[in-house]
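Notes follow once the structure below has been shown.
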Amino acid sequence: MTTITNKTLETLKYDLVREGLVQYEVVEQAEELANAQNINIGQALINSGFLTEEQLIKFLENKLHTPYVNLEDYQLDKNCLKFISYNDARRYKIIPLFKIENTLTVAMSDPRNLFAIDKVMETAECEIEPVLATEESILKAIDDYYKIDVTVEDISTELNFGYDWQNELHKEDLSDNHIQKIIRAILKQAILEDIHEVVFQGEDRGLGVNFKRGGELADKGFIPPVLISSFVAKLKSLSELDPSVSEVPQLGKLCFKVDNIVVIASVSTFPTIMGERIFLKIYKPPKTLNKIITNSSELSQIRNALDKPGIILVCGSSLSGKTHVIYSLLLEASKTGSKNIMTLESISKYELPGVNQCEFNENVGFNMDKAARFIEFQSPDIIYLEGIKSKDSFDYFSNLVYDNKTIIMEFLANNMDDLRNKMSFSDFDTLKSIISAMVFIHSKNSVEVFDKETLQKYLG
């Protein structure tokens with residue numbers, strides 16, 4: 001993870017002590033906080049109440065002999081936006097204000113960031129005059145003035161036999177939203193072909209577009225090199241990711257409508273030597289539980305399991321729809337409104353009414369281990385855990401059953417024999433003893449429920 005710094009404040013931080021604004025110990029505390037939360041030291045001082053934003057700005061004005069501009073009361077020249085791209089504006093937290101002859105005045109939160117100044121001078125081909133503005137006001141101005149469209153046009157699946165996204169790619173479209181239309185076309189073809197995973201990865205010819213089915217990648221063409229930068233930046237913006245960051249992984253989600261139904265895709269980026277690899281996984285909206293489990297006896301079994309302590313295991317192969325079934329279970333449990341239902345997920349796939357959904361955030365250290373230490377203080381009745389990997393976390397959450405908690409877990413198993421073989425390891429002995437019910441997804445149209453007694457006999 002790249003640490004967010006402010007070169008100006010890093011240079012002047014001990015001047016704050018010399019001028020009596022803060023104590024030396026406060027600067028050290030602020031540095032620790034800044035590193036932990038991935039913010040700059042100035043923001044850490046403000047967040048902690050050691051300094052006000054006004055005090056910090058006045059200090060920087062005096063030290064740098066650089067005027068401060070309040071962007072909330074300022075009307076910049078929109079013609080100057082062409083000198084700094086949206087991506088560079090976000091990356092360096094800068095925005096152009098006006099240009100007189102060969103000098104462009106730029107608002108910066110970090111006026112001593114010479115790399116940013118050199119970059120702007122190179123692209124704008126003029127001299128740069130920096131002025132001081134707060135980071136928050138600059139980011140707000142960027143969003144207000146650049147007017148980045150963050151929606152994907154609705155998708156219709158009617159009368160689209162033989163649809164090919166590359167027809168959109170090859171259109172002579174010079175409009176600003178051509179890239180967005182290409183993204184929409186790729187999503188549309190994936191939906192039409194019932195594809196749930198789309199992979200974009202660097203190749204010699206460009207950015208490869210691949211549909212993944214049954215563990216195999218199918219080549220669906222490529223984004224030409226000249227469009228890769230714009231395509232990746234637009235896809236990130238649509239997915240609420242930072243398009244200026246490419247050195248570290250990011251995780252976001254993309255929302256769009258298909259036949260007036262909201263569909264969500266998780267979007268994961270990962271740096272490689274061939275550029276960023278982007279993995280997109282499409283999740284369809286959850287159905288009500290009685291649409292998935294149609295046998296009345298099995299439906300009654302799973303409803304009883306949701307109402308008492310124990311582990312509900314949802315099993316199936318990769319892409320079998322485990323998350324879909326789990327979300328249906330959570331919707332069912334939330335009907336009464338009397339239970340505290342909590343989820344721990346890398347990213348929430350849909351907003352579920354009556355469910356407290358919690359997303360991990362590695363940027364601030366909120367991961368599975370941190371969640372495990374604190375979730376009991378929230379007094380949950382039902383907890384859904386996404387993809388437990390460590391044995392310590394596995395054992396911890398299993399033990400919560402003895403505190404009258406209902407735990408919903410997913411487990412990867414290609415078939416019942418595969419499940420039995422995996423469960424034969426001694427690591428799962430505790431788990432097997434406290435399973436109250438299991439849902440096994442055999443196929444798209446075949447879901448089976450096992451009660452505790454039947455499962456014990458089967459697993460041994």
Too-long pairs where the Cα-Cα distance tops 32 Å, listed order kept, from K140/K171; K349/K405; K58/K236; K339/K432; K171/K212:
K140/K171; K58/K236
If I fit a long axis through the Cα atoms of helix 225-238 and take the longest principal axis of the Cα atoms of the chain, what angle between them do I get, 0 to 90°, rounded to 10?
70
Given only helices, namely DSSP H runs of n ≥ 4 each adding -39500 (n - 2.57), what is the per-residue ellipticity at 222 nm of the chain, to the nearest 500 deg cm²/dmol?
-11000 deg cm²/dmol
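Kirkwood hydrodynamic radius (Cα pairs, Å) of the range 322-410?
On the way: mean 1/r = 0.0751 Å⁻¹.
When all Cα pairs of the range 322-410 are included, the Kirkwood radius is 13.3 Å.
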Given N residues in the range 377-426, what is its alpha carbon radius of gyration divided by 2.2 N^0.38 Å?
1.30
Can you give the Kirkwood hydrodynamic radius for the chain, in Å, rounded to one decimal and based on Cα pairs?
25.6
DSSP-defined antiparallel bridges as percent of all bridges, the chain, nearest 5:
60
Tilt relative to the chain, helix 322-333 - C-alpha long axis, 0 to 90 degrees, to 10:
80
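To the nearest µm²/s, what D does Stokes-Einstein give for the range 289-459 at 20 °C and 1.002 mPa s, using the Kirkwood radius over alpha carbon pairs as Rh? Display every interim value, and only then the final one.
Details: Rh = 16.3 Å.
It diffuses with D of about 132 µm²/s by this estimate.
By count of other Cβ within 10 Å, fewest leading, how are S297, S424, S85 ordered?
Values: S297 9, S424 12, S85 17.
With the sparsest Cβ surroundings first, the list reads S297, S424, S85.
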dims of the range 134-248, Cα set, principal axes, largest to smallest, nearest Å -> 50, 32, 26
Which three semi-axes in whole Å describe the equivalent ellipsoid of the range 230-272, each the square root of 5 times a Cα gyration tensor eigenvalue, listed largest first?
22, 10, 7
For the range 20-123, what is the largest minus smallest coordinate of the Cα atoms on each principal axis, given in angstrom and ordered from greatest to least?
46, 25, 22
Per-q log10 I(q)/I(0), the range 66-137, q = 0.15, 0.17 Å⁻¹ (Debye; single scatterer per alpha-carbon; no solvent):
-0.40, -0.53
In whole Å and largest first, what semi-axes does the C-alpha gyration tensor of the range 266-310 yield when each eigenvalue is scaled by 5 and square-rooted?
40, 14, 7
Note to self: C-alpha centroids of the range 101-167 and the range 417-437 sit apart, in Å, by 52
Bin all alpha-carbon pair distances of the range 397-449 at 10 Å intervals from 0 and give each bin's fraction as a whole percent.
20, 51, 25, 3
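Just so you know, all these numbers are worked out from the coordinates, no wet-lab data involved. Values in this document were obtained by computation on a predicted structure and should not be read as measured data. Because the Cβ atoms are built from the backbone with ideal geometry, glycine has one as well, and the counts that use them run over all protein chains shown.
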